[in-house]
Each structure stands twice: as C-alpha cells, then as structure tokens.
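The next block holds one structure in the form of structure tokens; read it before the comments.
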Amino acid sequence: MRLATWIASTAFVCIAMTAMIGCAPASGMDAPAFTPLPYADDFSNPNSGWQTLSDLNADVTYDGGGLRIIVKVENLTQWSAAGKRFKDAIFEVDARPNGGPTDNGFGVLFRIQDRKNFYHFGISSDGYWRAGYVKDGNWVNWDDWQPHPAIKLGGETNRIKVVMRNNELSFFVNDQPIASRQDDTFASGDIGVFALTLIDNPGTDVTFDNVRVTATE
C-alpha cells in the first residue's frame, strides 16, 4: 500500500440507509430489540435483507452465493448493512477479492448507529490492515495502514473477525490476532461489510460470504 494512497476514503455511498435507521432509536422511543444469536447469512437467499445497489459509482449484488461489492471510481467507500442489532458478540465473514487493484481496502463495519457513526476494520489485498471509527461523519483511524503476515495476498480468501466484549474490541484475520483496543464510542448496533478504492486505483471487487455472529464466551 503506497504512502500516496494512505488517505482515508471519506466519500461514502450509503446503500443501507433504511436498515441502519432502525439501529438508532427516535427520540422518546425504545431501541429495537437485539438480534437473537447465533445469526448467520451465506447470501444464498437474495431476499435475506442486505441492501443492494447498481449505479455509475458501484454495484452491490447477491452474486453466486455471496454479496459482491464492486467500486468503479477512485477514492470511494461502498458498503452494506444487515439491518440487525448486536451488542457483545463475535462477528466474522469471508472476504475474497475478485480482481482490481491490490492497493485496495475491504472489511467489516460494526456497532453501526447510522450512516455517520460506526466502527470499521479493514484489510487490503497487498497485506495491510487498519481499524478505527467514524463519528458524526469524521473518519478516525487508530493507526494508519500497517502490514501483517496473517493477511493472505492477492485473490485469496481472508476470514475477518471482530470480537466485541463491552468496550474491548479485538481484531483477527484468519484466526490470528491482529490488534485490540478499548473504546467507549459505541456500545451496540448493526453490522456491515465494505470495499473501498484509493486515489488513482478504481475497480476494487470483493465478494463477502458466510457471515456469522455468535455469542462471546
């Protein structure tokens, strides 16, 4: 991941607005109930609830038993949420690049409040990772992109996992620990997946599969 492309992609295209509104209670209303665990989706049912989109900027489709995100323009993040609500849980998903630049980014969003408030954890096809949060639309990275040997390169599938226990957040790739962080910004919320392009590198193409959310021990 070249230094010149280490600029956070702040141009979000929200494709799950309806689903995520359900994660944030309106004034004077109770928050929606937590989604029962375990929860799983292998995307074999195109009506399972993840939002889809096709326009000049990106495609998000149920495709061949997965959820595929193609970002067609540079410096853009495209994502989809499940329309669920979780607190303490283990969230994991398979992510397989189908092509495009290896200087890319893809991963998971969790404890989503709405389109401007959530945590993120992503990796790249050239072996880097990054985590942080977005609050009031402002992207915060705890560290910049860093390499890690647990990340499989190129078009290989990576299993991305986040463990949420109260304010303790732990990040894994292919069951190997990457990092952990204590943070109180968000306590619960929706889950999602994303793919992004960096400057001068359009064409990120990633398929997500085998979403699973289970209880922490």
- Length gained, Asn138-Ala150, 0.36 nm per residue minus C-alpha separation, equals 1.4 nm
- Identify, among Ile70, Gln182, Trp145, the residue whose Cα sits farthest towards the positive end of the charge dipole of the chain, taking +1 on the Cβ of Lys and Arg and -1 on the Cβ of Asp and Glu, with the dipole about the Cα centre. Gln182
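Net charge around Ala81, counting only other residues with Cβ within less than 14 Å of its Cβ (Lys, Arg = +1; Asp, Glu = -1)? The partial results should precede the final answer.
Values: positive: Lys84, Arg85, Arg111, Arg115, Lys116; negative: Asp41, Asp114, Asp190.
After counting each charged neighbour, the total is +2.
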- Note on the structure: Length gained, Asp55-Ser180, 0.36 nm per residue minus C-alpha separation, equals 41.4 nm
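What does the charge count around Ser44 come to, taking other residues whose C-beta lies under 12 Å from its C-beta (Lys +1, Arg +1, Asp -1, Glu -1)? Each step should come with its number before you reach the end.
Details: positive: none; negative: Asp41, Asp42, Asp63, Asp209.
Taking every other residue near Ser44 into account, the sum is -4.
Note down the magnitude of the dipole of the stretch 3-214 about its Cα centre, charges +1 on Lys and Arg C-beta and -1 on Asp and Glu C-beta and zero elsewhere, to the nearest 20 debye. Please list the in-between numbers first.
Values: 17 positive and 25 negative charges, 77 e Å.
Once rounded to the nearest 20, the dipole reads 360 debye.
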- Most positive-pole-ward Cα, Ala82, Ser44, Asn98, against dipole of the chain from beta carbon charges: Ala82
- Counting only backbone N atoms under 19 Å from a point 7 Å out along Cα-to-Cβ of Asp42, the residues of the stretch 184-217 in range are 207-214
- Note on the structure: extent check for the chain: Cα max minus min per principal axis, descending, whole Å, gives 46, 35, 31
- How many lysine pairs in the chain, separated by 8 or more positions in sequence or lying on different chains, have Cα atoms less than 20 Å apart? 8
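Just to confirm a number: summing +1 for Lys and Arg and -1 for Asp and Glu over residues other than Asn174 whose beta-carbon lies under 12 angstrom from that of Asn174, what do you get? Walk me through the intermediate numbers first.
Details: positive: Lys152, Arg159, Lys161; negative: Glu92, Asp94, Glu156, Asp175.
Net charge around Asn174: -1.
Each reported figure results from applying straightforward, stated rules to the coordinates on display, with no laboratory input. Worth saying up front: this structure is predicted, and the values here are computed from it rather than measured. Backbone-built Cβ (ideal geometry, glycine too); neighbour counts: all protein chains shown.
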